[in-house]
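Undergrad: Attaching a single structure in structure tokens format; questions to follow.
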Amino acid sequence: MTAQQPHDLNCLTVAELEKHAEQCMDKQTRDYYNEGADSGSTLLENSQAYSKYRIRPRVLRDISLIDTSCPLFGARSPLPMGVAPTAMQCLAHPDGEAATARACREAGVVIGLSSFATTTLEDVAAASGSNPRVLQLYLFEEREHSRRLIQRAKAAGYKAVFLTVDTPMLGRRNLEIRNQFKLPKPYKIANFAEDSDSPASKTVMDGAASDTDADKREGKKSTSAPGVHDGEKRTPPAGPISFHTHAPNPTLCWDRDIDWLRKECKPEMEVWVKGIATGEDALLAVYHGVDGIVVSNHGGRQLNGALATLDALPEVVDAVQGKIPVHIDGGIRHGTEIFKALALGADFVWIGRPVLWGLSYKGQEGVALCLRLLRDEFTLCMGLAGTVKVPEISKDYLVKVDKSGFVSRL
Ligand SMILES: Cc1cc2nc3c(=O)[nH]c(=O)nc-3n(C[C@H](O)[C@H](O)[C@H](O)COP(=O)(O)O)c2cc1C
Ligand SMILES: CCCCC(=O)C(=O)O
């Protein structure tokens, strides 16, 4: 990714990228990617939260040399921005996660790979070369699947495991239900294709109609669903691995699971938790020895009515007091918003849907475009605000504007 790259005159903003992507995706994919849980108010507020803050630019500061780099996993990242893990990218483009990985490599931007990717973690590692990658983990009740995945990630040079902690149950996504979402042929939930050798597994892995998913959505009896305690012993979900059945794990808890994960991952890989939204849980994360946290509400796809991530960020930053890095995702659509998140104390941001829009627009080239737009906007914002190094970005550069237009310093 070079600064001299010519503009795509049809697409100069992430908002335009979203419009193009709408034309490129089929309805099932568009609905799955873009929707939030329930009414979608948290999805909306994740973005709107950024407009409550305005930037206080400083001038006459010689900003001729701007350094956008920051520390990440013991090395330096050229930008305080990575690609968030999002499932099933082959829905956006046949090249899927491999295309995203190649664009990330070109830009030097870290890629987060979903457990529920349509490309194996080994193929993504090959497409990444020496570029950093992290594996997002859904820790299954059936530990062996997760243990194998962790070992494979270690062998393939992943820097960290990001345990998603905001999915003890699956959020209610009505469009997904109405569309009877299923992964079309020939795509597979690639990382688990080999784990599923029963005939029943095969149908789901091959992308055929997923009765299991439909049953789960319709509330038919499942061993994994939490509910009123009826005295029966829980048994982990059996059969084909699909995200409806296996990703939500209602048994996850701090003591047993975080300690287990640290033992499995370390020292080769760091252990992070993704989906922290309160100061209390941030403190628990520090207590349990995780290497970092991501303030996230899963892009508004889990608990609707939860606080926008930018609004949750200050209490998390206060609680952590610099002991571990604090990252954030959700609703970031412009480089100035990266600046605002950093000014409020985040060390790094992750970008979800805009990357999927880029991928559906033009595959690898579209992801590269998305990363370039955000990079250029962020660099411009740093310069126009009078900052030349990422650590200089602080709350001194922001004010908050309330509903009546009253402006207050932070
Ligand atoms: C289509 C889609 C699939 C996602 N899949 C995963 C996933 O597999 N694991 C995960 O932890 N988060 C997943 N996420 C959440 C993202 O990692 C991230 O938290 C969110 O997209 C950030 O919000 P943004 O899309 O507004 O940038 C997904 C999000 C979307 C939109
Ligand atoms: C738990 C579902 C797996 C994919 C995902 O995380 C999402 O669609 O948001």
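Undergrad: Would you mind telling me which numbered condition in (1) assigned to a helix (DSSP H, G or I); (2) buried (at least 22 other Cβ atoms within 10 Å of the Cβ) residue 144 fails?
TA: Here residue 144 meets the rest and fails (2).
Undergrad: Has the range 160-172 got at least one residue that is touching an Asp or Glu at 6+ places or on another chain (Cβ under 8 Å) and free of Cβ contacts under 8 Å to residues at least 40 places away in the same chain?
TA: Scanning the range 160-172, I find no residue that is touching an Asp or Glu at 6+ places or on another chain (Cβ under 8 Å) and free of Cβ contacts under 8 Å to residues at least 40 places away in the same chain, so the answer is no.
Undergrad: List the number of the failed condition for residue 294; all other conditions in (1) more than 13 Å from ligand 1 (Cβ to nearest atom); (2) out of contact with any helix residue (DSSP H, G or I) (no Cβ under 7 Å at 6 or more places or on another chain) hold.
TA: Going through the list (1) more than 13 Å from ligand 1 (Cβ to nearest atom); (2) out of contact with any helix residue (DSSP H, G or I) (no Cβ under 7 Å at 6 or more places or on another chain), residue 294 breaks only (1).
Undergrad: Quick one: in the range 272-288, which of the residues that are open to solvent by 30 Å² or more (accessible area, probe 1.4 Å) and assigned to a loop (DSSP other than H, G, I, E, B) is nearest to ligand 1 (Cβ to nearest atom)?
TA: Per the stated criteria, the residue is 277.
Undergrad: Sort out for me the helices (runs of 4 or more DSSP H) sitting completely within the range 291-395 that have 1 or more residues that are at positive phi and open to solvent by less than 10 Å² (accessible area, probe 1.4 Å).
TA: Fully inside the range 291-395 and qualifying: 353-385.
Undergrad: Count, please, the residues in the range 75-86 that happen to be touching a residue at least 24 places away in the same chain (Cβ under 8 Å) and open to solvent by 20 Å² or more (accessible area, probe 1.4 Å).
TA: Residues in the range 75-86 being touching a residue at least 24 places away in the same chain (Cβ under 8 Å) and open to solvent by 20 Å² or more (accessible area, probe 1.4 Å): 4 in total.
Undergrad: Suppose we filter 102, 61, 56 for residues that are away from ligand 2 (no atom under 16 Å from the Cβ), within 21 Å of residue 350 (Cα to Cα) and open to solvent by 70 Å² or more (accessible area, probe 1.4 Å); which single one remains?
TA: Going through 102, 61, 56 in turn, just one is away from ligand 2 (no atom under 16 Å from the Cβ), within 21 Å of residue 350 (Cα to Cα) and open to solvent by 70 Å² or more (accessible area, probe 1.4 Å): 102.
Undergrad: Go through (1) open to solvent by less than 10 Å² (accessible area, probe 1.4 Å); (2) part of a loop (DSSP other than H, G, I, E, B); (3) more than 16 Å from ligand 2 (Cβ to nearest atom) and name the single condition residue 258 misses.
TA: All conditions pass for residue 258, except number (2).
Undergrad: Determine, yes or no, whether residue 206 is surrounded by 13 or more Cβ atoms within 10 Å (Cβ to Cβ), within 16 Å of ligand 1 (Cβ to nearest atom) and at pLDDT below 80.
TA: no
Undergrad: Another one. Pick out the one residue from 62, 67, 123 that is modelled with pLDDT of 95 or more, farther than 15 Å from residue 190 by Cβ and out of contact with any strand residue (DSSP E or B) (no Cβ under 9 Å at 6 or more places or on another chain).
TA: On inspection, the qualifying residue turns out to be 62.
Undergrad: Among the listed residues 149, 137, which satisfies the condition of being of a type outside the set (S, T, N, Q), within 16 Å of ligand 2 (Cβ to nearest atom) and within 16 Å of residue 86 (Cβ to Cβ)?
TA: 137
Undergrad: I'd like to check which helices (runs of 4 or more DSSP H) are fully inside the range 8-82 and have at least 3 residues that are of a type in the set (A, V, I, L, M, F, W, C).
TA: Counting at least 3 such residues, we get 14-24.
Undergrad: Looking only at the range 106-139, how many residues end up being within 21 Å of residue 165 (Cβ to Cβ), within 13 Å of ligand 1 (Cβ to nearest atom), in contact with a helix residue (DSSP H, G or I) (Cβ under 9 Å, 6 or more places away or on another chain) and not aliphatic (A, V, I, L, M)?
TA: Within the range 106-139, residues that are within 21 Å of residue 165 (Cβ to Cβ), within 13 Å of ligand 1 (Cβ to nearest atom), in contact with a helix residue (DSSP H, G or I) (Cβ under 9 Å, 6 or more places away or on another chain) and not aliphatic (A, V, I, L, M) number 4.
Undergrad: Taking the range 163-180 as the region of interest, how many residues are part of a loop (DSSP other than H, G, I, E, B), of a type in the set (A, V, I, L, M, F, W, C) and within 10 Å of ligand 1 (Cβ to nearest atom)?
TA: 1
The values are calculated or read from the model by the stated rules, or taken from the named source; none is laboratory data. A quick note: this is a predicted structure, and the numbers were derived from the prediction, not measured. Heads up, the Cβs are rebuilt from the backbone with ideal geometry, glycines too, and the neighbour counts pull from every protein chain shown. For accessibility, only protein heavy atoms count, side chains too; no ligands or nucleic acids. Shrake-Rupley method; radii C 1.70, N 1.55, O 1.52, S 1.80 Å.
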